[in-house]
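Presented below is the structure to which this report refers.
Any read-out appearing in this document is the output of simple, stated calculations on the displayed coordinates, not a laboratory observation. Everything numeric here is computed off the predicted structure, so don't read it as measured data. Virtual Cβ from ideal backbone geometry, glycine too; neighbours counted across all protein chains shown.
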Amino acid sequence: MSNVITLTNIRRVFSMGDQQFEALKGVSYSVEAGEFVAIMGASGSGKSTCMNILGCLDRPTSGQYLLDGLDVGAMDPNQLADIRNKKLGFVFQGFNLLARTPAVENVELPLVYAGLHSRERRQRALQAMEQVGLSGKENNHSSQLSGGQQQRVAIARALVNNPAVILADEPTGNLDSSTSEEIMSLFNSLNQQGITIIMVTHEHDVAAHAGRQITFRDGIIIGDTK
Amino acid sequence: MDFLQTLKIALRALRTNKMRSFLTMLGIIIGIAAVIAMMAVGSGASYVISQQIASIGSNIILVLPGSTTSGGLRTGSGGAQTLTSDDVRAIMAECPSVELAAPTIRSSGLVVYGNMNWSTVLMGTTPELFEIREWGVDSGRGISQQDVDSAAKICVLGQTVVENLFGSSDPLGKIVRIKKVPFTVVGVLNRKGQSPQGTDQDDSVFVPLRTAQRNLSRSQTLNSVGALLIKAKSEDLLSKAEEEINNLLRQRHRITGGKEVDFSTRNLSEILAVAEQSSKAMSLLLGAVASISLIVGGIGIMNIMLVSVTERTREIGIRMAIGAKKNDILLQFMTEAVLLTMLGGVIGIALGTGGATIVSRMLDWPTLISFQSIAIAFIFSGAVGIFFGFYPAKKAAGLNPIDALRYE
């Protein structure tokens, strides 16, 4: 199988004044298409920094990042925005839906920035909502949805542009254990349909749903188990 | 991302905070309404002045008889009858820049018809006067050269005189007594309205020059006339005509060296042009004062947009994470600001137009709302949005998506 993500010796150094802090000290790994990877580690281990780089929200200080065959490290902010729009789907801990906006419009949002026409947007958004089991909730605002339903909307939004990878940052962090279980089985079923998922978590039972666990400590990978 | 979508997002954002959006707009509404109303009042005033200029007639020079010194006392301008009908003839013959010249003899007196009487201005003149003043007859006929030559006892009435003496009945052919002398009414003049000095120009009776000289004037010499009204051939020739008249009359009146000049010339259009200029300057000043409130309104917009950007940091982060470019965010907030000001502009234009109409109704003050001032107000309100919306929008677009997503 081909690699969707290839990280080679990624380093990320933050400088605060004259102090320098190396959050990632040379990280290399690759993810194949169709994998479900959990990234684990304590806070400060570098997993969030790595996630930001994977999500093209941040750029590595050095090293090479190939996403779907493209050298992302060399791109400018506008190109990165395009990559985020077309190749990536984000699921956040706090759902991050737009308030006072119907669920279906939240799902459509990536397609708006992709420049699709409204009819195609709506069709694909409804399809994505069906995929996460939210048919009938299209016009509900996020305040009218439960936490689990909001996270499903967020997952539908991540799916709608057919991304190469879905990046989930503590997707169950704000949910109770039974809802977490639902969301994780949704991830599993999406993964079985061939969607590549990378998920950050610090809960072992959540990480157990993934087929592969990568563990970070102090800016390096200390474990990679399948 | 297409513009329609941007507009939709902006509208939703404004609807979310209706009260805040309205209060923010209020600054612009008041500013634009003030500009529109002030401009309307100002241009109304200059419209009146230009109407008055038109009512006088164009390219007119007034020649007034000068003062005389009798027994050490000097009379004021017009106090002596130093101009004659011969002067008028000479001006017509010898001044190439003059198109028409009309002598006038002005007095006042009682006009009686039946049991009605009315004290008014009596004006003896020649047919040229009506040509110079561009003043036609409403009914009947005007004064002809033949009337002047034969000193006919006929008169032409202004509208105000007709209203006061005849009411609604037809004055043509009726006999009125002017200073106890019977005159036949042969015509009624068109309505002329107020003069620039505020006097009612329709409150006057016109009679042939020679008739006035013989029957109505107290002057000793039958040949003498009062002021002369002279029309230059064109606006460019106005000052040349004035100079020619001056030279001619000095010659004819043998004024050399230190001898006192016994006449004076005045260029009416020039005086009115100055008045028009000052009223234009006034309306510009009013507009400038009003536009200060627009700037204040613009600062209000900027303030609220900055608050809005801070409040919606997380939203900006989400949008960036799922693919919004810097320009998308910039455009979104700019659209919001411009929408706010333009909406305020439209409401302000409506309010200003309404306000100006009320002012003109209640205070009987003419107002004029030009398409131009509405267009300027509209464009200006948009420009205020662009100017004061840019900085907050720039700030929003410059946010780092990671920080923005983490913002609580």
**Asked** How many percent of DSSP beta bridges within the range A:3-225 run antiparallel, rounded to 5?
**Response** 60 percent
**Message:** Kirkwood hydrodynamic radius, computed over distinct alpha-carbon pairs, for the range B:81-261: how many Å, to one decimal?
**Reply:** 17.2 Å
**Check: the protein assembly as shown dipole with +1 on Lys, Arg Cβ and -1 on Asp, Glu Cβ, in debye** = 1320 debye
**Fill in**
Lys and Arg at +1, Asp and Glu at -1: neighbours of A:Ser189 with Cβ under 14 Å from its Cβ sum to -2
**Prompt:** Across the range A:181-187, in residue order, what do the Karplus-derived ³J(HN,Hα) couplings come to in whole Hz, using 6.51 cos²θ - 1.76 cosθ + 1.60 with θ = phi - 60° and x for Gly and Pro?
**Reply:** 4, 4, 5, 5, 6, 4, 4
**Asked** Which aspartates and glutamates have a Cα lying under 14 Å from the Cα of B:Lys153, excluding residues fewer than 8 positions away in the same chain?
**Response** none
**Fill in**
Given backbone amide H placed at 1.01 Å from N, residues whose amide H is under 5 Å from that of B:Ser264, ignoring those fewer than 5 places away on the same chain, are B:Leu64, B:Gly66
**Fill in**
Footprinting proxy, B:Ser168, B:Ser139: sorted fewest to most Cβ within 10 Å, the residues are B:Ser168, B:Ser139
**Potential extension, B:Gln372-B:Thr199 segment - 0.36 nm per residue separation minus Cα distance** = 59.0 nm
**Request:** Apply the Karplus parameterisation 6.51 cos²θ - 1.76 cosθ + 1.60, with θ equal to phi minus 60°, to every residue of the range A:106-119 and state each ³J(HN,Hα) to the nearest whole Hz, in sequence, with x for glycine and proline.
**Result:** 4, 5, 5, 3, x, 6, 4, 6, 7, x, 7, 6, 4, 5
**Asked** In what sequence do B:His253, A:His117 fall when counting other Cβ within 10 Å, fewest first?
**Response** A:His117, B:His253
**Request:** Give the long-range amide H neighbours of B:Glu99: residues separated by 5 or more places, or on another chain, with amide H under 5 Å away, using H modelled in the peptide plane at 1.01 Å from N.
**Result:** B:Lys231, B:Ala232, B:Lys233
**Message:** Give me the dipole magnitude in Debye, nearest 20, for the range A:3-225 about the Cα centre, with unit charges on the beta carbon: positive for Lys and Arg, negative for Asp and Glu.
**Reply:** 460 debye
**Prompt:** Any idea what the alpha-carbon Rg over 2.2 N^0.38 Å comes to for the protein assembly as shown?
**Reply:** 1.73
**Request:** Report the FRET efficiency, 1/(1 + (r/R0)^6), for A:Ser146 and A:His202, where r is their Cβ-Cβ distance and R0 is 35 Å, rounded to 0.05.
**Result:** 0.90
**A:Arg217 paired with A:Thr8, simple spin-label distance in nm, labels 7 Å along Cα-to-beta-carbon** = 2.9 nm
**Request:** Using only the C-alpha atoms of the range B:141-241, find the volume of their convex hull and express it per residue in Å³.
**Result:** 149 Å³
**Complete:** The Cα radius of gyration of chain A, divided by 2.2 N^0.38 Å with N its residue count, comes to 1.00
**Net charge of neighbours whose Cβ lies under 14 Å from the Cβ of A:Val31, counting Lys and Arg as +1 and Asp and Glu as -1** = -1
**Prompt:** Counting DSSP beta bridges with both partners in chain B, what percentage is antiparallel, nearest 5?
**Reply:** 80 percent
**Item:** Distance from the range B:262-301 to the range A:100-159 (C-alpha centre basis), Å
**Value:** 59 Å
**Item:** Beta bridge orientation in the range B:81-261: antiparallel %, DSSP, nearest 5
**Value:** 75 percent
**Message:** Could you tell me which residue out of A:Ala208, A:Met75, A:Ile5 lies farthest along the dipole of chain A toward its positive end? Charges go on the beta carbon: Lys and Arg +1, Asp and Glu -1, centred on the Cα centre.
**Reply:** A:Met75
**Request:** State, to one decimal in nm, how far the label point of A:Gln64 lies from the label point of B:Ala288, with both points 7 Å from Cα in the Cβ direction.
**Result:** 6.7 nm
**Fill in**
Any lysines whose Cα falls less than 26 Å from that of B:Lys233, other than same-chain ones fewer than 8 residues away, would be B:Lys192
**Complete:** Cα-Cα pairs in the range B:327-379 separated by more than 13 Å, as a whole percent of all pairs, come to 66 percent
**Asked** Once the other residues with Cβ under 10 Å from the Cβ of B:Gln159 are scored (Lys, Arg +1; Asp, Glu -1), what is the net sum?
**Response** -3
**Fill in**
Between the residues B:Val309, B:Met320, B:Thr341, the Cα farthest towards the positive end of the dipole of the range B:297-408, that dipole coming from +1 and -1 charges on the beta-carbon of Lys, Arg, Asp and Glu, is from B:Met320
**Complete:** A correct fewest-to-most ranking of B:Ile379, B:Ile60, B:Ile36, A:Ile198 by other Cβ atoms within 10 Å would be B:Ile379, B:Ile60, A:Ile198, B:Ile36
**Given charges at beta-carbon only (K, R positive; D, E negative), |dipole| of chain B in Debye** = 840 debye
**Message:** Between the range B:5-46 and the range B:96-137, what is the separation of their alpha carbon centroids in Å?
**Reply:** 53 Å
**Prompt:** In whole angstrom, and with the biggest value first, how far do the Cα coordinates of chain B range along each principal axis?
**Reply:** 104, 57, 39
**Asked** Which pairs, out of A:Lys47/B:Lys326; B:Lys259/B:Lys280; A:Lys47/A:Lys137; A:Lys137/A:Lys226, put more than 30 Å between their alpha-carbon atoms?
**Response** B:Lys259/B:Lys280; A:Lys47/A:Lys137; A:Lys137/A:Lys226
**Prompt:** Can you run phi through the Karplus equation (6.51, -1.76, 1.60; θ = phi - 60°) for the range B:3-8 and list ³J(HN,Hα) in whole Hz, with x for Gly and Pro?
**Reply:** 5, 4, 5, 4, 4, 5
**Complete:** Classified through the alpha carbon gyration tensor (a ≥ b ≥ c as square roots of its eigenvalues; rounded if a/c is under 1.5, else prolate when a/b is larger than b/c, else oblate), the range B:183-284 comes out oblate
**Request:** Set the Förster distance to 25 Å, then compute FRET efficiency between B:Lys280 and B:Glu163 from the Cβ-Cβ distance, nearest 0.05.
**Result:** 0.15
**Fill in**
Taking alpha-carbon centroids only, the range B:336-360 lies from the range B:374-408 a number of Å equal to 22 Å
**Request:** Measure off 7 Å from each Cα along the Cα-to-Cβ vector at B:Ala350 and A:Gln123, then give the distance between these two points in nanometres to one decimal.
**Result:** 4.0 nm
**Item:** Other-chain or far-sequence residues with amide H under 5 Å of A:Leu134's (modelled H)
**Value:** none
**Asked** Between B:Glu235 and B:Leu7, what is the FRET efficiency for a Förster distance of 56 Å, r being their Cβ-Cβ separation, to the nearest 0.05?
**Response** 0.60
